[in-house]
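Engineer: First, the structure itself, so that you have it in front of you.
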Amino acid sequence: MFEVREEIIKNAAVVPNTWGLLRLDENDTPETVVVPAGKVIVPLPVWQAQRDTLLARLPDIGVWLASDERPEELAADVAQLPVIGVDFPKFTDGRGYSIAFNLRARLGFQGELRAIGDVLRDQLFSMHRVGFDAYATRPDRSIHDALKGLSVFSETYQASWDQKSPLFRRHQREGQNPDLDNAAGI
(Lines give C-alpha, C1' and ligand atoms only; values in the text may rest on other atoms or scores of the structure.)
Protein backbone atom coordinates (compact mmCIF):
# COMPACT_ATOMS: atom_id res chain seq x y z
CA MET A 1 0.00 0.00 0.00
CA PHE A 2 1.34 3.41 -0.93
CA GLU A 3 0.26 6.39 1.20
CA VAL A 4 0.66 10.00 0.19
CA ARG A 5 -0.34 12.80 2.53
CA GLU A 6 -0.86 16.27 1.12
CA GLU A 7 0.59 18.05 4.13
CA ILE A 8 2.78 17.32 7.13
CA ILE A 9 4.14 19.35 10.01
CA LYS A 10 7.84 20.01 9.56
CA ASN A 11 10.03 22.39 11.53
CA ALA A 12 6.95 23.77 13.34
CA ALA A 13 5.03 24.64 10.16
CA VAL A 14 2.44 22.94 7.96
CA VAL A 15 4.17 22.23 4.64
CA PRO A 16 3.44 20.21 1.49
CA ASN A 17 4.52 16.59 1.81
CA THR A 18 7.00 15.47 -0.83
CA TRP A 19 7.37 11.84 0.34
CA GLY A 20 5.20 8.77 -0.15
CA LEU A 21 5.06 6.01 2.45
CA LEU A 22 5.23 2.35 1.46
CA ARG A 23 3.48 -0.17 3.70
CA LEU A 24 3.52 -3.87 2.91
CA ASP A 25 0.22 -5.55 2.11
CA GLU A 26 -0.33 -9.09 3.38
CA ASN A 27 0.64 -10.54 -0.04
CA ASP A 28 3.84 -8.46 -0.31
CA THR A 29 7.28 -9.63 0.71
CA PRO A 30 10.24 -7.33 1.41
CA GLU A 31 12.25 -8.98 -1.35
CA THR A 32 9.65 -8.70 -4.12
CA VAL A 33 7.60 -5.58 -3.38
CA VAL A 34 8.04 -2.92 -6.05
CA VAL A 35 9.17 0.41 -4.64
CA PRO A 36 7.42 3.16 -6.63
CA ALA A 37 9.36 5.89 -8.39
CA GLY A 38 9.85 9.22 -6.64
CA LYS A 39 10.56 9.98 -3.01
CA VAL A 40 9.54 6.96 -0.95
CA ILE A 41 9.93 6.00 2.70
CA VAL A 42 10.20 2.20 2.79
CA PRO A 43 9.82 -0.21 5.74
CA LEU A 44 13.06 -1.42 7.34
CA PRO A 45 12.61 -5.01 6.03
CA VAL A 46 12.35 -3.68 2.46
CA TRP A 47 15.48 -1.58 2.97
CA GLN A 48 17.34 -4.60 4.29
CA ALA A 49 16.16 -6.89 1.47
CA GLN A 50 16.71 -4.41 -1.38
CA ARG A 51 19.47 -2.24 0.11
CA ASP A 52 21.88 -2.33 -2.86
CA THR A 53 19.17 -1.31 -5.33
CA LEU A 54 17.73 1.35 -3.03
CA LEU A 55 21.14 2.88 -2.25
CA ALA A 56 21.36 3.82 -5.93
CA ARG A 57 18.14 5.84 -5.52
CA LEU A 58 19.40 8.03 -2.66
CA PRO A 59 18.49 10.78 -1.77
CA ASP A 60 14.96 9.78 -2.87
CA ILE A 61 14.67 6.87 -0.43
CA GLY A 62 13.97 7.00 3.29
CA VAL A 63 13.34 4.22 5.79
CA TRP A 64 10.70 3.82 8.47
CA LEU A 65 10.93 1.70 11.60
CA ALA A 66 8.09 -0.16 13.28
CA SER A 67 7.84 0.32 17.04
CA ASP A 68 9.30 -3.15 17.67
CA GLU A 69 12.36 -2.64 15.45
CA ARG A 70 15.77 -1.48 16.62
CA PRO A 71 17.32 1.75 15.33
CA GLU A 72 20.75 0.07 15.46
CA GLU A 73 19.66 -1.87 12.36
CA LEU A 74 20.28 1.39 10.45
CA ALA A 75 23.55 2.32 12.16
CA ALA A 76 25.61 1.91 8.99
CA ASP A 77 23.18 3.97 6.91
CA VAL A 78 22.00 6.90 9.06
CA ALA A 79 24.53 9.31 7.57
CA GLN A 80 23.18 8.66 4.05
CA LEU A 81 19.43 8.65 4.70
CA PRO A 82 17.60 11.95 4.20
CA VAL A 83 14.55 10.87 6.23
CA ILE A 84 13.76 8.21 8.80
CA GLY A 85 10.20 7.59 9.92
CA VAL A 86 9.12 6.00 13.18
CA ASP A 87 5.71 4.35 13.25
CA PHE A 88 3.29 4.78 16.14
CA PRO A 89 0.76 1.96 15.63
CA LYS A 90 -1.30 3.32 18.57
CA PHE A 91 -0.95 6.65 20.30
CA THR A 92 -0.41 4.74 23.56
CA ASP A 93 2.67 2.94 22.22
CA GLY A 94 5.66 4.92 23.50
CA ARG A 95 8.47 2.83 22.03
CA GLY A 96 8.85 5.29 19.15
CA TYR A 97 10.08 7.95 21.58
CA SER A 98 13.04 5.76 22.55
CA ILE A 99 13.75 4.94 18.92
CA ALA A 100 13.84 8.64 18.02
CA PHE A 101 16.07 9.57 20.94
CA ASN A 102 18.50 6.76 20.10
CA LEU A 103 18.60 7.76 16.42
CA ARG A 104 19.57 11.31 17.36
CA ALA A 105 21.68 10.87 20.51
CA ARG A 106 23.41 7.55 19.96
CA LEU A 107 23.50 7.12 16.19
CA GLY A 108 23.92 10.81 15.31
CA PHE A 109 21.13 10.96 12.73
CA GLN A 110 20.99 14.49 11.29
CA GLY A 111 18.23 14.17 8.68
CA GLU A 112 14.47 14.54 8.93
CA LEU A 113 13.00 12.38 11.70
CA ARG A 114 9.31 11.88 10.97
CA ALA A 115 6.60 10.48 13.27
CA ILE A 116 4.05 8.44 11.31
CA GLY A 117 0.97 6.42 12.20
CA ASP A 118 -1.36 7.29 15.08
CA VAL A 119 0.18 10.72 15.70
CA LEU A 120 -1.99 13.17 17.64
CA ARG A 121 -1.70 16.79 18.78
CA ASP A 122 -1.09 15.83 22.42
CA GLN A 123 2.07 13.93 21.47
CA LEU A 124 3.85 16.53 19.34
CA PHE A 125 5.55 18.47 22.14
CA SER A 126 7.02 15.30 23.68
CA MET A 127 7.95 13.96 20.24
CA HIS A 128 9.86 17.13 19.49
CA ARG A 129 11.74 16.79 22.78
CA VAL A 130 13.20 13.42 21.74
CA GLY A 131 14.28 14.54 18.27
CA PHE A 132 11.33 14.46 15.88
CA ASP A 133 11.15 17.43 13.52
CA ALA A 134 8.38 16.21 11.18
CA TYR A 135 4.95 14.73 11.85
CA ALA A 136 2.46 12.97 9.60
CA THR A 137 -0.56 13.33 11.83
CA ARG A 138 -3.67 11.20 11.65
CA PRO A 139 -5.63 12.09 8.52
CA ASP A 140 -8.94 12.27 10.40
CA ARG A 141 -7.69 15.20 12.53
CA SER A 142 -6.92 18.79 11.64
CA ILE A 143 -3.23 19.22 10.94
CA HIS A 144 -3.49 22.94 11.74
CA ASP A 145 -4.96 22.14 15.14
CA ALA A 146 -2.24 19.54 15.73
CA LEU A 147 0.43 22.16 15.03
CA LYS A 148 -0.62 23.92 18.25
CA GLY A 149 0.64 20.87 20.14
CA LEU A 150 4.23 21.99 19.61
CA SER A 151 3.73 25.13 21.69
CA VAL A 152 1.57 24.01 24.61
CA PHE A 153 4.37 24.35 27.16
CA SER A 154 6.73 27.27 27.59
CA GLU A 155 9.26 25.48 29.80
CA THR A 156 10.51 21.97 30.40
CA TYR A 157 11.85 20.44 33.60
CA GLN A 158 13.79 17.47 32.32
CA ALA A 159 16.80 17.32 30.05
CA SER A 160 16.27 15.70 26.64
CA TRP A 161 17.40 15.90 23.02
CA ASP A 162 16.13 19.47 22.57
CA GLN A 163 17.27 20.82 25.98
CA LYS A 164 20.46 19.30 27.36
CA SER A 165 20.16 20.81 30.86
CA PRO A 166 17.33 20.34 33.37
CA LEU A 167 15.45 23.41 34.59
CA PHE A 168 17.26 23.62 37.93
CA ARG A 169 20.55 24.05 36.01
CA ARG A 170 19.08 26.75 33.77
CA HIS A 171 17.23 28.84 36.34
CA GLN A 172 18.92 31.19 38.80
CA ARG A 173 16.88 31.43 41.99
CA GLU A 174 17.10 34.22 44.53
CA GLY A 175 19.54 33.23 47.25
CA GLN A 176 21.60 30.97 45.03
CA ASN A 177 25.28 31.68 44.86
CA PRO A 178 26.58 30.54 41.47
CA ASP A 179 30.20 30.86 42.61
CA LEU A 180 29.64 28.46 45.53
CA ASP A 181 27.58 26.09 43.37
CA ASN A 182 30.32 25.99 40.74
CA ALA A 183 33.00 25.41 43.37
CA ALA A 184 30.98 22.53 44.84
CA GLY A 185 30.53 21.01 41.39
CA ILE A 186 26.77 21.55 41.39
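The values are calculated or read from the model by the stated rules, or taken from the named source; none is laboratory data. From a predicted model like this one, the values you see are computed outputs, not experimental measurements. No Cβ is skipped: glycine too gets one built from the backbone with ideal geometry, and neighbour counts run over all protein chains shown. Surface accessibility is based on the protein's heavy atoms, side chains included, excluding ligands, DNA and RNA. Shrake-Rupley method; radii C 1.70, N 1.55, O 1.52, S 1.80 Å.
Engineer: When the solvent-accessible surface of protein heavy atoms is calculated with a 1.4 angstrom probe, in what order do 51, 114 fall, highest first?
Structural biologist: Working: 51 80, 114 10 Å².
Sorted descending by solvent-accessible area, the residues read 51, 114.
Engineer: Ordered by residue, what ³J(HN,Hα) values in Hz, to whole numbers, does the stretch 117-131 give under the Karplus form 6.51 cos²θ - 1.76 cosθ + 1.60, where θ = phi - 60° and Gly and Pro are x?
Structural biologist: Computed from phi, the couplings for the stretch 117-131 are x, 7, 9, 10, 3, 5, 8, 4, 4, 5, 4, 4, 4, 9, x Hz.
Engineer: Taking the alpha-carbon distance from residue 148 and a cut-off under 16 Å, which aspartates and glutamates remain once sequence neighbours fewer than 8 residues away in the same chain are dropped?
Structural biologist: List returned: 7, 122, 133.
Engineer: Express the C-alpha Rg of the stretch 1-54 as a ratio against the empirical globular expectation 2.2 N^0.38 Å, rounded to two decimals.
Structural biologist: Numbers: Rg = 12.7 Å, N = 54, 2.2 N^0.38 = 10.0 Å.
The stretch 1-54 yields a ratio of 1.27.
Engineer: Compute, for residue 14, the solvent-accessible surface of its heavy atoms (probe 1.4 Å) with the complete set of protein chains present, and express it in square angstrom to the nearest 10.
Structural biologist: Number for this one is 40 Å².
Engineer: If you don't mind, there's one more thing I want to ask. List, in order, the whole-Hz ³J(HN,Hα) value for each residue of the stretch 32-45 obtained from phi through the Karplus relation with A = 6.51, B = -1.76, C = 1.60 and θ = phi - 60°; use x for Gly and Pro.
Structural biologist: 10, 4, 8, 7, x, 5, x, 7, 9, 9, 9, x, 3, x
Engineer: Hey, another quick one. For the stretch 7-54, with all protein chains present and a 1.4 Å probe, just round the carbon and sulfur fraction of the accessible area to a whole percent. Mind dumping the intermediate values first?
Structural biologist: Numbers: 1230 of 2500 Å².
Exposed carbon and sulfur together represent 49 percent of the surface.
Engineer: Quick one: net charge of residue 10's neighbours, Cβ under 15 Å, K/R +1, D/E -1?
Structural biologist: Working: positive: 5, 39, 114; negative: 6, 7, 112, 133.
Counting the neighbours of residue 10, the net charge comes to -1.
Engineer: ³J(HN,Hα) across the stretch 136-149 via Karplus (A = 6.51, B = -1.76, C = 1.60, θ = phi - 60°), whole Hz, x for Gly/Pro?
Structural biologist: Result, rounded to whole Hz: 9, 6, 4, x, 8, 10, 6, 5, 6, 5, 4, 3, 5, x.
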